[in-house]
Amino acid sequence: MARRPTSLLALGLSLVLLAGAAVTATASSDPTGRAALAADLDRILDDPRLAGARTAVVVRSAETGDTLYDRNGSDLLLPASNGKLLTAAAALSALGPDHRFTTSLRAASPPRGGALPGDLHLRGTGDPTMLAEDYAELAQQLVEAGVRVVRGDLVADDTWFDEVPLGVGWSWDDEPYYYSAQISALTVSPDTDYDSGTVVVRTVPGDHPGDPTTVEVVPPTDHVRLVNQSTTATAEEASGVAVERRRGGNDIVVRGSLAAGSGPVERYSTVDDPTGYAVDVLHAALDDAGIRVNGEIRRGATPEGTVELAIRESMPLRDLLVPFMKLSNNGHAEILVKTLGAELRGSGTWAAGIEVLTEELAELGLPAGGYRMVDGSGLSRMDMVTAGQLADLLLQVREEPWFEVFQESLPIAGDPDRLVGGTLRSRMAGTVAEGNVLAKTGSLTGVTGLSGYVTATDGQPLVFSMLSNNYLSPSPRDVEDAVAVRLAEYRGAEDRPLPDARATDGPVWPADDPATAVDESELECSWVPAGC
């Protein structure tokens, strides 16, 4: 009996030690490092809007190539404009950062006595940066060369590319909208966003309700015909205006109403036949410069042995990549694909260009047969890529001499400058991802993607790719943002789960809130309700 107190003491001590061990075991069971990151990413991706959809996320160390996280990374998914990462890399690899497009005026012989005895040939190689003022400059060069009259025809030569204007699998109902412009070796852009093959339709309301509106196109061209069905209304009754080109022609219909005395409204419209548009703009520029064309306007290949009378070179590819990637310009992507074919296969077709693209990407670590790209922009719903392949590409291009050009072309999170932040300029602002995430966006109806680079809090550079397909909700871009922010917060071996790493509650841009509405230029697809 004398030993009982000792036994009770021992028992009490054991209970204390067991309780302490339980606490220690619970604390040590909390995930750390990569496991903590994975736990948080799993929670972020457990978003009800992704229920029934297919989402893939791959995160790798840019230094070692080690995989930190992989969910469905080998699933083939629609990349949307994440496909432009492949096009940009292939173009830089095959053409080089200094590649330029040329547009020239040529003739069989120099002018004599102010007259060009034969035809004047306008020859294009796909330059998407040609503005109306550039055609005016070509006309001025012609004046300086001594030309006052062209005795023959004005001949548009767009034979550097084939005659197929639209990509495989593009939607017919997207054709009027700027993101689905026709592709041609001769074209015009209305402004320095370089949306080639489009015009800007400007609608100005009258001073009083019932007054007619005024509509015009920029740049001025007779290639299109405006059908104005818009009106001036009271502020309460004004519905806004919609602009749509009738399919198969160049009638552009303007509908709706604007408030009396309000400012002008501008909308983009594609044109049918960009070559005809370009030669019409040049013909007007020649007329303004005092050069008369006696013959007709027609099309044809430029004969061998012609004399160059005027030429315009584009900016180099390293500079063109900025509006291409920052603003996600679909036309630039397709022009680059056809240019790959023309330059390296002698055939300016999508088929030849994709063949070159595939070969270049194989050299960059993406074997042929593991993905499918039928265009350069990702606009086609036949394109299929994996998040793992995009992450692999992002890793491999870091070793290329042109990597800095490639990286600097990517949108930067939270930077309000359109040509810096691009399609990410209003995303992730005020977080650790601001100015840190450099990534390509992608969007189609039911498709979104974000792939690029981020530096973690521990200083480790990461590459990541996230693709989501087949969701029915508004776009879950905020889930992408949450993933990118969590990567920016990653602390390596010291990482712990974050209390705020949770599934989001809904879209961050409700369609009925003007204060948070998405600027249409932030999207690969426009404000058109059907998307693209």
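The values are calculated or read from the model by the stated rules, or taken from the named source; none is laboratory data. What you are looking at is a predicted structure, and each value in this text was computed from that prediction instead of being measured. Here Cβ is always computed from backbone atoms with ideal geometry, including for glycine, and neighbour counts include all displayed protein chains. Ligands, DNA and RNA are excluded from the accessible area calculation, which covers all protein heavy atoms including side chains. Shrake-Rupley method; radii C 1.70, N 1.55, O 1.52, S 1.80 Å.
Descriptive notes on the structure:
- Per residue value of the accessible surface for region 392-466 (all protein chains in place, 1.4 Å probe), Å²: 33 Å²
- Cα centroid of region 409-445 to Cα centroid of region 233-306, whole Å: 32 Å
- Global size of region 420-507 as Cα Rg and Dmax, reported in angstrom: 13.1, 39
- Relative contact order of region 299-408, defined on C-alpha pairs under 8 angstrom at six or more residues apart (%): 18 percent
- For A439, net neighbour charge (Lys/Arg +1, Asp/Glu -1) across residues whose Cβ lies under 12 Å away: +3
- Sites D173 and S473, calculated FRET efficiency, Cβ-Cβ separation with R0 22 Å, nearest 0.05: 0.50
- Model label sites at A429 and S109, defined 7 Å from Cα along the beta-carbon direction, differ in position by 6.4 nm.
- The chain: angle of helix 330-345 to the longest principal axis, Cα-based, in degrees nearest 10: 70 degrees
- Carbon and sulfur %, accessible surface of the chain computed with the full protein complex present, 1.4 Å: 51 percent
- Within the chain, longest stretch free of exposed trypsin sites (Lys or Arg not before Pro) [DSSP loop, at most 12 other beta carbons within 10 Å]: 248-532
- The chain - percent relative contact order, Cα under 8 Å, separation 6 or more: 23 percent
- Inter-centroid distance (Cα atoms) of region 313-392 relative to region 95-129, Å: 27 Å
- Projecting label points 7 angstrom from Cα along Cα→Cβ for A145 and N72 puts them 5.7 nm apart.
- Projected onto its three principal axes, the C-alpha set of region 201-244 covers 35, 19, 14 Å, listed from the longest axis down.
- Rg(Cα)/(2.2 N^0.38 Å) for region 121-218, N = residue count: 1.41
- Compared with the dominant principal axis of the Cα atoms in the chain, helix 387-396 is inclined by about 80°.
- Rounded to 10°, Cα long-axis angle of helix 350-363 versus longest principal axis of the chain: 40 degrees
- Counting only DSSP beta bridges whose two residues both lie in the chain, roughly 75 percent are antiparallel.
- Modelled label positions at E313 and T214, each set 7 Å beyond Cα in the direction of Cβ, lie 4.1 nm from each other.
- FRET E, pair I297, E63, Förster distance 45 Å, beta-carbon r, rounded to 0.05: 0.15
- Its Cα centre serving as origin, the chain has a Cβ charge dipole (Lys and Arg +1, Asp and Glu -1) of approximately 1200 debye.
- If you plug the beta carbon distance of S262 and E494 into 1/(1 + (r/R0)^6) with R0 = 35 Å, you get a FRET efficiency near 0.05.
- Against the empirical curve 2.2 N^0.38 Å, the C-alpha radius of gyration of the chain lands at a ratio of 1.20.
- Over the residues of the chain, the helix contribution to mean residue ellipticity at 222 nm works out to -8500 deg cm²/dmol, using -39500 (n - 2.57) for each DSSP H run of at least 4.
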